[in-house]
Amino acid sequence: MYVAVKGGEKAIDNAHRLLAEERRGDKEVPELGTDQIKEQLGRAVDRVMTEGSLYDPKLAALAIKQAAGDLIEAIFLIRAFRTTLPRFGYSAPLNVENMRARRRISATFKDVPGGQVLGPTFDYTHRLLDFALEAEADERGDAPFPTQTSAEVIDLPGNMPRVLAQLSREGLIEAATPGTDEDTAEVGDITRAPRTFPADRDIRLQTLTRGDEGFLLALGYSTQRGYGRTHPFAGEIRVGEVTVEFVPEELGFPIEIGEITITECEMINQFSGSATEKPKFTRGYGLGFGHVERKAMSMALVDRSLRADELGEARTAPAQDEEFVLSHSDNVEATGFVEHLKLPHYVDFQSELELVRKMRAAVDAAQDNQTDNIEAAE
Amino acid sequence: MTDAYNFAYLDEQTKRMIRRAILKAVAIPGYQVPFAAREMPMPYGWGTGGVQVTAAVLGRDDVLKVIDQGSDDTTNAVSIRSFFVKTTGVATTDKTVDATVIQTRHRIPETPLTAGQILVYQVPIPEPLRFLEPRETETRRMHALEDYGLMHVKLYEDISKHGHIATTYAYPVKVNGRYVTDPSPTPKFDNPKMNNSPALQLFGAGREKRIYAIPPFTEVVSLDFEDHPFAVQTWDNDCALCGATDTFLDEIITDDRGSRMYVCSDSDYCQDRQAEGHQGDQSSSGSGAAA
C-alpha cells in the first residue's frame, strides 16, 4: 500500500505506450503523413514555426503529428530541438519591400502603389461548414483550381513600396526606427541572453514573435477596448516569400541561403505631439513565419502599447506593462509552470497541513470549552 | 547512451556559459546570477534549471542521485535520472553517501552531506521577494541596496496575526550575511542543513533564468526575531517503517476512514535504517499494515 504512493519506471513506460496508442487512434483509419500535415494543415505548421522560433515546415509537421495536434506541445518539441542547433551567425536584415507577395492589403488607403491584393484569406468566406469536404476530392468532382500562380497574378518585386513610407515622406509618421541607441547597438538575442528590464525594442519584438498567439490576441484586444487605447489602423499587412541573405565572414558579401514565407503587419497608431514636436502618427510592428495574420496584428498592437514610456504615455493597462507582458507571453514557459502543479508536492503540502492543524488546535484551545472535536477528528 | 546529442545533452559552449554563471554565483553567495537558460526536452517546472546545472557540472566519473520529495522513486526523479543515463551514461545511485552529484526537488537528504558532494536544487521562483513585490526591476534594486525591510514586515505581520511565522516551506534565509535567498520550496525543516554544509549547493531556475549558489562552509541563517526564534517542524509520530524520530515525515492516508501512517520522506535514509535493524510500528515483513 505504501509502495503504491511512489511512482516508478514501469508506470512511466506504460504511460508512454498508452500515449503512443492514443496518438495513433483507430488503426482502421490510415495513418496521417507528415507531408499531409505540411500541405493541408499549413496554418498549424506556420504557428508552430513562429512560436517554436524555427523555420522548418517539415519538422513542424512532424512535431504536430507527434504532439497529436496539441500545438503548444508541438511548439515545445520544436524549441527543444532548436536549442541544440549550433549558431553559425545572424542573417542580414530581410528586405521585405522585395517580397514576392501573395497577399497585401492596406486598410488606410483605398488604393496603394502595387495594389491591394486579397490573396488567400478566410476574411470574406461565409463560415458555413462545407459538408462536401467530408468526402474525398475525386468523389466531389471539384472544379480545377485556377492555374495562374500567385507570382503571375502579382509580379511585383520592387514595385510594392511600403504603405507607411508614403506617410513618412510627408513627415506624418515617425521614422521606422525611432532615434535611440538601438540604431547602432548590436541586435539582442533572447535565446542567448537572459531577459533584463527595462528591455529594448529588439528584445521586446523577439519575445512577442515567439509569444503565445492567444495571449497576444487577448492583450491586443484589450487595448481596443480601452485598456491602453492606441487608435490603431492596419497600415499594411503582407504575406509572401522573402529571400534570406547571410554574410559569411570569409566572403564579406551577402549570399542567398534560402527563401522563407513571412507575414508582416505595420500598424498606424494615434498621433502624439508636444510643444516642440508637431503631431504625427506612431507605429506598431508585427512579424511571423508563414501565414500568421492574427498573430502579426496582435503583436503589432502590443508592440505599440509597450512603447508607452518611450512616447510619454501614462502606463495604466496590462498591455502597456513590459514586465507583465514579456514575462508571461511564452507559452512553453507558461504551460510548464502551470502544469508542473501535477508533480508531487507532498513535502510542501505536509508542511502546510501541519501548520493548519497547529493553528486550528490553537483556536480550539483558545475557545477554552468543551466543543466536541468533530473537525479535528475529521 | 545516445550519440545523437552531446554528452549531457547541452553543447559545450552552452555548458561553459552555465559554468561561468555558476562560478559567479559561488563568488557571490546567495546572489541570483542571470543566465541564458536553454529550452530543455522536459517542461519548465519539471526541473529544467536543475537539469542544466547538473548537465554543466557532470563529468564521466560522477555518480548521480536524483530525488523528488526526498525519494528516488517518484516519477519525475525516475525520469530525470533516466535522461542523464541516456545522455551521459554516468553511474547512478540511490545512496546519498555514494553520490557525487545529487539533484533534488523539495528536499535535502537526511544523511549529512560531505565535502566534495554537489547538491543541485530545482528552483521554481528564485526570488525570495517575488510574492511581496512582483516587479523584477524593484526586487533587484532591493537586493542591491540590501533593503529587506519588506520581508521583515511580512514576517512580523505573520506573528501579529498568527502568533508565529506562518511560512513552512521556501522559508527565507540570509546567506553569508548579505543576500536574502530562497532555499527553493524545501520545507523549513531542511533549512538548518544548509548552514555550513561541507557540500557545494547550487540552485538552478530554468524558466526564470537564474543560478545561485551557497559555497561549502557558508553561513546560512533562517530569518527570525529574537523573541520569535526560528524553529523546525516536529511530528507527534515516529516513522512507521524505521522508527526515526528526527526526520521529515510524509503523511500517508491508508483508508477512507481517517487512518494514516507517517513515513520518512527520504526513502534512502529510511531503507538504510531498516537495513540496520531499526523498526517502526508497521514495518513487519513487508506485508504492509492492514487498513
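For chain B, the per residue solvent-accessible surface stands at 40 Å², with DNA, RNA and ligands left out and a 1.4 Å probe.
Remark: chain A carries 59 Å² of accessible area per residue (probe radius 1.4 Å; ligands, DNA and RNA excluded). Shape of the stretch A:235-353 from its Cα gyration tensor (a ≥ b ≥ c, root eigenvalues): rounded if a/c is under 1.5, otherwise prolate when a/b > b/c, or oblate? The shape class here is oblate. Name the shape class, rounded, prolate or oblate, that the alpha-carbon gyration tensor gives for the stretch A:9-82, where a ≥ b ≥ c are the square roots of its eigenvalues, rounded holds for a/c under 1.5, and otherwise prolate holds if a/b is larger than b/c and oblate otherwise. Here the stretch A:9-82 falls in the oblate category. Counting only Cβ charges, +1 for Lys and Arg and -1 for Asp and Glu, the dipole size of the stretch A:9-82 around its Cα centre is about 200 debye. A cut-off under 10 angstrom between Cβ atoms defines the neighbours of A:Ile105, and their net charge, with Lys, Arg +1 and Asp, Glu -1, is 0. Leaving ligands, DNA and RNA out of it, report the carbon-plus-sulfur percent of the accessible area of the stretch B:180-250 at a 1.4 Å probe. So the carbon and sulfur contribution to the accessible surface is 47 percent. Of all accessible surface on chain A at a 1.4 Å probe, what whole percent is carbon and sulfur? Summing carbon and sulfur atoms, their accessible area is 56 percent of the total for chain A. For the stretch A:49-86, a decrease in accessible area of 50 Å² or greater in the assembled protein chains relative to the isolated chain, with a 1.4 Å probe, applies to A:Phe76, A:Thr83, A:Thr84. With all protein chains in place and ligands, DNA and RNA left out, the 1.4 Å accessible area ranks B:Glu138, B:Glu133 as B:Glu138, B:Glu133, largest first.
Calculated mean residue ellipticity, 222 nm, the protein assembly as shown: -9500 deg cm²/dmol, from DSSP H runs (n ≥ 4) at -39500 (n - 2.57) each, averaged per residue and rounded to 500.
Return the distance in nm (one decimal) between the two label points of a simple spin-label model at A:Arg192 and A:Phe122, each offset 7 Å from Cα along Cα→Cβ. Label-label distance for A:Arg192 and A:Phe122, simple model: 3.6 nm.
Basic side chains Lys and Arg get +1 at the Cβ, acidic Asp and Glu get -1 at the Cβ, and with that the dipole of the stretch B:54-136 about its Cα centre reaches some 140 debye.
Carbon-plus-sulfur accessible fraction, the stretch B:100-174 (probe radius 1.4 Å, protein heavy atoms only): 59%. Placing unit charges on each Cβ (+1 for Lys and Arg, -1 for Asp and Glu) gives the protein assembly as shown a dipole about its Cα centre, and among B:Asn191, B:His278, B:Ala37 the Cα reaching farthest toward its positive end belongs to B:Ala37. What fraction of the DSSP beta bridges in chain B is antiparallel, stated in percent and rounded to the nearest 5? In chain B, approximately 60 percent of DSSP beta bridges are antiparallel ones.
For the options A:Asn95, A:Asn14, A:Asn331, a Gaussian network treatment of chain A with springs between C-alpha atoms closer than 10 Å singles out A:Asn14 as fluctuating the most. For B:Lys174, a cut-off of 12 angstrom between C-alpha atoms picks up these aspartates and glutamates, skipping any fewer than 8 places away in its own chain: B:Glu146, B:Asp182, B:Glu219, B:Asp224.
Given R0 = 30 Å, the distance between the Cβ atoms of A:Glu170 and A:Asp309 translates into a calculated FRET efficiency of 0.65. For A:Arg103, the residues whose modelled amide H falls within less than 5 Å of its own, excluding neighbours fewer than 5 places apart on the same chain, are A:Val239. Name the residues whose placed amide hydrogens come within less than 5 Å of the amide hydrogen of A:Phe281, ignoring near sequence neighbours (fewer than 5 apart) on the same chain. Those qualifying (amide H under 5 Å, at least 5 residues apart or on another chain) are A:Ile173, A:Glu174. By how many degrees, 0 to 90 and rounded to 10, does the Cα axis of helix A:42-52 deviate from the longest principal axis of chain A? Approximately 70 degrees, to the nearest ten. Compared with its chain on its own, the stretch B:99-124 contains the following residues whose accessible area drops by 50 Å² or more in the full protein assembly (probe 1.4 Å; ligands, DNA and RNA excluded): B:Arg105. The interface between chain B and chain A buries about 4600 Å² of solvent-accessible area in total (1.4 Å probe, ligands and nucleic acids excluded). Using Cα-Cα distances under 8 Å and only pairs 6 or more residues apart, what relative contact order does chain A have, in percent? Averaging sequence separation for qualifying contacts and normalising by length gives 16 percent for chain A.
Dipole orientation for chain A: of the candidates A:Met160, A:Leu19, A:Phe215, A:Met160 has the Cα lying most toward the positive pole (charges on Cβ; Lys, Arg +1; Asp, Glu -1).
About the centre of its Cα atoms, the protein assembly as shown shows a dipole size close to 1240 debye [charges on the beta carbon of Lys, Arg (+1) and Asp, Glu (-1) only; nearest 20 debye].
Packing-based ranking of B:68-77, B:167-176, A:253-262, B:214-223 yields B:68-77, B:167-176, B:214-223, A:253-262, ordered from highest to lowest mean Cβ neighbour count within 10 Å.
When the Cα positions of A:Ile78, A:Ala68, A:Gln36 are compared along the charge dipole of the stretch A:9-82, A:Ile78 comes out farthest toward the positive end, with charges on each C-beta of Lys, Arg, Asp and Glu. Shown for the stretch A:188-203: residues covered by the partner protein chains by 40 Å² or more of accessible area relative to the chain by itself (probe radius 1.4 Å), namely A:Arg192, A:Pro194. Computed over chain A with a Gaussian network model linking Cα atoms closer than 10 Å, the most mobile of A:Arg162, A:Arg357, A:Arg307 is A:Arg357.
In terms of the Cα gyration tensor, with a ≥ b ≥ c the square roots of its eigenvalues, is chain B rounded because a/c is under 1.5, prolate because a/b exceeds b/c, or oblate?
Oblate, since a/c reaches 1.5 and b/c is not below a/b.
Holding the Cα-Cα limit at 27 Å, pick out from A:Lys10/A:Lys58; B:Lys188/B:Lys209; B:Lys15/B:Lys154; A:Lys38/A:Lys295; A:Lys10/A:Lys342; B:Lys65/B:Lys209 the pairs that are longer than that. Cα-Cα > 27 Å for A:Lys10/A:Lys58; B:Lys15/B:Lys154; rest within.
Residues considered: B:Ala244, B:Ala55, B:Ala144. Largest GNM mean-square fluctuation over chain B, using C-alpha springs under 10 Å, is found at B:Ala144.
A full extension of the chain between A:Glu134 and A:Ala365 corresponds to an added length of 76.2 nm, given 0.36 nm per residue minus the alpha carbon distance.
The values are calculated or read from the model by the stated rules, or taken from the named source; none is laboratory data. From a predicted model like this one, the values you see are computed outputs, not experimental measurements. Positions of Cβ are backbone-derived with ideal geometry, glycine not excepted, and every protein chain shown enters the neighbour counts. Heavy atoms of the whole protein, side chains included, go into the accessibility calculation; ligands, DNA and RNA do not. Shrake-Rupley method; radii C 1.70, N 1.55, O 1.52, S 1.80 Å.
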